[in-house]
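Notes follow once the structure below has been shown.
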Amino acid sequence: MNVSYRWLKDLAPTLSGTPHDLAARITQLAVPVDEVVDLAWGLEDVVVARVTRVRPHPNADRLVLCEVQTGDGVAQVVTGAPNVVEGAFYPFVAVGGALPGGVAIQRVNLRGVWSDGMLCSERELGLGRDATGIMRLSGGFEVGAPLVKALGLDDHRLVVDVTANRPDLLGHWGVARELAPGGVRGLRLAPFPGHVSARYDRVTEGAQAMAGGVAVRIEDRDGCPRYAALVLRGVRVGPSPEWLASRLRAVGARPINNVVDATNYVLFELNQPLHAFDLAKLRGPAIVVRRARPGERIRTLDGVDRELNPEVLVIADAERPVAVAGVIGGAETEVSEATTDVLIECAYFEPKRIRRGSRSLGVETDASYRFQRGIDPEGLPAALQRVADLILSVAGGVVQVPAADAYPNRWTPRVVRLRPERVSLVLGVEIGRDEIAAELEPLGMDVRGSGGPLEVTVPPWRPDMAREVDLIEEVARRWGYDRFPDELRPFRLGRTQDDRVVRAVSVIRRAMVQAGFLEARSVPFVAAGVGEIPLANPLAEDEAYLRRWLLPGLVDRVEHNFARLVRDVRLVEVGTVFVESGGPLPREEVHVAAVWTGRREPSHWMGEKEWDVWDLKGRLEAIAPHVVGPSAFVRPLQPGSEAERALPFQAGSFAVVTQDGGWMGGGGQVRPDAIDAPRWAGPVWGFEMRLAEFGAPARRYAPLPSFPAVERDLALLVPLDCPAAAVGDAIRGSAPETLESLSLFDVYTGPNIRADSRSLAWRLRFRAGDRTLTDAEVDAAMKVIIRTLEEKLDVTVRGA
């Protein structure tokens with residue numbers, strides 16, 4: 001939102017401070033200010049000049065010679081602008097002067113004729129985007145006067161970053177209300193130069209009304225709760241006076257003509273979008289607010305023919321759509337210089353309906369931006385009066401009574417209870433009832449109540465004030481965050497533990513960050529084929545689905561780093577994925593995913609070590625208990641399994657399973673066809689797991705062992721197609737409870753070993769908590785283990 005400093009001062013006469021002071025105050029009170037722009041910067045050498053004579057260039061068909069009165073005499077200027085006319089005023093820079101940006105103006109010879117200066121366009125002066133011709137000034141001016149003073153450009157533009165919850169700040173009136181010392185009581189609508197007040201009767205009806213002989217009817221009451229209209233006849237459409245054009249330029253808008261500029265002026269001042277129709281082009285004449293019908297089309301003001309769908313709300317006359325409601329007008333009813341009678345639209349449209357229409361057509365305008373966020377439904381009469389006064393002042397004409405105000409769905413004031421003691425408890429400082437009222441009332445809130453909770457009536461321009469805590473935050477904001485004490489005050493610890501998921505995620509994040517990973521936050525919208533839940537209203541064609549996995553988004557980030565010659569990447573993400581549930585809403589799951597590639601350690605003259613499969617397995621075994629639970633196991637990924645099909649890993653990967661065999665995720669090396677990697681890039685490793693809903697593991701006390709352990713080593717001949725994990729599971733499953741630990745300490749292939757087998761050596765440790773185990777007990781356990789291995793896995797004892 002571009003805010004004019006001078007405009008704010010006109011609305012709030014008691015407002016004090018420099019533009020930078022106000023920017024700091026807005027940032028402290030409400031929303032950040034990104035930039036403060038001096039509109040007069042670079043225009044010191046530009047003056048108002050008058051062209052007294054225009055002659056053809058003797059040596060060029062597309063150039064003309066202009067005699068220009070500059071205030072310091074008469075200069076000859078050669079230009080190719082098609083719109084230069086005798087007697088008109090234009091911006092001029094003399095030889096030796098400079099344009100914004102520092103471009104110096106010199107005396108030049110153009111096709112044999114000397115040019116002593118330059119007549120400037122809007123773009124060259126930084127006052128607009130039009131570069132097709134010289135900037136013609138409307139009205140009467142003093143020749144030689146500085147352009148800054150002549151156009152009222154001694155102003156500053158505040159670029160305000162308005163957040164989604166504060167649509168009331170999308171107009172100068174709302175910003176001035178925040179800044180003015182007395183709030184709403186310190187504001188006034190300043191009269192215009194040559195001000196003419198429009199006097200008319202406004203008839204408020206249900207869904208139908210009459211505006212100066214035009215029938216107004218609302219068919220879609222949900223999409224348009226209120227529609228007001230006013231007819232003005234005998235207007236003279238032409239260029240806007242320079243004060244109006246300059247005010248629009250100050251906020252970055254392009255002047256068009258006096259009628260359209262008047263509607264835009266009120267939009268930026270009161271945050272109320274308006275639209276002007278050429279009344280002679282409205283059939284009926286009638287205005288109908290309805291949904292588009294199948295097959296209907298409209299040519300909009302940007303010259304594009306658009307096909308409408310029933311989700312789009314339109315403004316129609318008696319026969320066809322003439323505007324897309326709240327978004328953009330139609331070319332057929334556009335106001336032109338031939339227009340004499342206009343109908344002014346002033347409406348409140350339902351935000352969601354405008355958002356759907358804007359996105360379906362791919363059109364975003366100043367009007368749609370405001371309607372989507374919500375405007376003041378009770379502010380329509382003031383805006384209609386303001387635009388009528390302005391049009392009569394700059395374009396003449398008369399109002400044809402009455403004005404229509406179709407209002408089928410009336411706004412109901414919201415009353416929120418606010419407990420003063422709750423304010424003090426939440427904020428930690430004592431703020432009295434009177435002080436609370438003094439902070440809220442300047443914002444337009446009605447605060448009542450002498451004892452007990454306060455009854456706060458929220459104004460219609462503040463839809464974000466819905467709960468008691470919203471009002472408490474508003475009190476804190478207005479009271480001043482900088483006034484809160486910064487010392488640590490007494491507090492009482494809570495006894496409720498954090499949610500298990502929160503605790504698990506905290507442990508995972510801490511472990512991965514300690515390992516050198518950076519946390520990523522990717523958007524959940526993906527392309528078709530990556531997700532399985534389609535969006536009803538996607539932001540883009542390549543983001544039309546909700547993600548099923550986190551890993552593809554992280555792989556995209558690795559590709560992004562590769563494209564910028566970054567070789568070493570370590571990323572982790574904890575986020576939500578969406579799974580088809582068979583019901584109206586998808587099932588949401590919390591997943592943990594990570595990717596890494598490049599060097600394992602910083603570069604060193606002794607050499608570099610890349611990540612390998614054992615790093616992957618170690619990472620999985622360290623993280624899986626926190627993600628899946630204490631009973632998580634890391635096992636080789638079976639070819640053709642669901643895990644192999646779901647995740648983009650190549651052969652030799654691992655699966656994370658629960659004790660009962662349930663698959664919870666996996667990890668491995670990303671397949672080359674799943675990532676666009678340059679030749680110099682190393683292998684890309686990754687994993688993804690689903691956060692299980694397991695309870696917090698019970699903590700049990702166990703005394704230190706009092707009896708000695710017994711260890712036995714077991715060397716086995718294992719077929720090559722039998723995983724070591726399967727052998728370990730078989731040993732654990734057949735061993736007694738006295739098996740304390742099991743570890744693989746040697747793998748051997750070579751001489752004296754069959755070609756289809758390998759030797760795996762295991763160390764088994766047995767211990768009983770109540771006695772010393774005998775050799776006979778351990779021997780009996782070993783026999784059971786060996787027999788189980790032979791019967792189930794065809795594994796034999798080496799050397800037996």
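The values are calculated or read from the model by the stated rules, or taken from the named source; none is laboratory data. Only a predicted model underlies this, so the values are computations on that prediction, with no experimental measurement involved. Cβ placement follows ideal geometry from the backbone for every residue including glycine, while neighbour counts extend to all protein chains displayed. Surface areas here come from the heavy atoms of the whole protein model, side chains and all, with no ligands, DNA or RNA. Shrake-Rupley method; radii C 1.70, N 1.55, O 1.52, S 1.80 Å.
The residue list Glu345, Glu332 contains one member that is part of a helix (DSSP H, G or I) and at pLDDT 95 or above, which is Glu332. Is it the case that segment 291-306 has a residue that's more than 21 Å from Gly194 (Cα to Cα), open to solvent by 10 Å² or more (accessible area, probe 1.4 Å), touching a residue at least 40 places away in the same chain (Cβ under 8 Å) and aliphatic (A, V, I, L, M)? So far as segment 291-306 goes, no, none of its residues is more than 21 Å from Gly194 (Cα to Cα), open to solvent by 10 Å² or more (accessible area, probe 1.4 Å), touching a residue at least 40 places away in the same chain (Cβ under 8 Å) and aliphatic (A, V, I, L, M).
Conditions (1) on the phi > 0 side of the Ramachandran plot; (2) among the acidic types (Asp, Glu); (3) touching a residue at least 24 places away in the same chain (Cβ under 8 Å), marked per residue:
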{"residue": "Ala12", "(1), (2), (3)": "no, no, yes"}
{"residue": "Leu15", "(1), (2), (3)": "no, no, yes"}
{"residue": "Asp21", "(1), (2), (3)": "no, yes, no"}
{"residue": "Ala24", "(1), (2), (3)": "no, no, no"}
{"residue": "Thr27", "(1), (2), (3)": "no, no, no"}
{"residue": "Val36", "(1), (2), (3)": "no, no, yes"}
{"residue": "Val48", "(1), (2), (3)": "no, no, yes"}
{"residue": "Arg53", "(1), (2), (3)": "no, no, yes"}
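When each of Gly374, Gly326, Gly330 is tested for being of a type outside the set (Ser, Thr, Tyr), in contact with a Phe, Trp or Tyr (Cβ under 6 Å, 6 or more places away or on another chain) and surrounded by 17 or more Cβ atoms within 10 Å (Cβ to Cβ), the lone residue that passes is Gly326.
When we screen Val727, Val718 for residues that are part of a strand (DSSP E or B), among the aliphatic types (A, V, I, L, M) and either buried (at least 16 other Cβ atoms within 10 Å of the Cβ) or within 59 Å of the chain's Cα centre (by Cα) (or both), the only hit is Val718.
Restricting attention to segment 1-17, the residues that are open to solvent by 10 Å² or more (accessible area, probe 1.4 Å), within 31 Å of the chain's Cα centre (by Cα) and not charged (D, E, K, R) add up to 3. Among the candidates Arg754, Arg765, the residue that is in contact with an Asp or Glu (Cβ under 7 Å, 6 or more places away or on another chain) and either surrounded by 11 or more Cβ atoms within 10 Å (Cβ to Cβ) or more than 30 Å from Val592 (Cβ to Cβ) (or both) is uniquely Arg765.
Annotation for segment 702-710: at least one member residue is at pLDDT 90 or above and either assigned to a strand (DSSP E or B) or among the polar types (S, T, N, Q) (or both).
Only one entry in Asp10, Asp21, Asp61 is among the acidic types (Asp, Glu) and outside any helix (DSSP H, G or I), namely Asp61. Among the candidates Glu589, Glu573, Glu559, the residue that is farther than 30 Å from Ser358 by Cβ and in contact with an Asp or Glu (Cβ under 6 Å, 6 or more places away or on another chain) is uniquely Glu559.
Please enumerate the residues belonging to segment 229-278 that are assigned to a helix (DSSP H, G or I) and aliphatic (A, V, I, L, M). Of everything in segment 229-278, those that are assigned to a helix (DSSP H, G or I) and aliphatic (A, V, I, L, M) turn out to be Leu244, Ala245, Leu248, Ala250, Val259, Val260, Ala262, Val266, Leu267, Leu270. Out of Val394, Val387, Val335, one residue alone is out of contact with any strand residue (DSSP E or B) (no Cβ under 8 Å at 6 or more places or on another chain), farther than 17 Å from Val312 by Cα and surrounded by 16 or more Cβ atoms within 10 Å (Cβ to Cβ). It is Val394.
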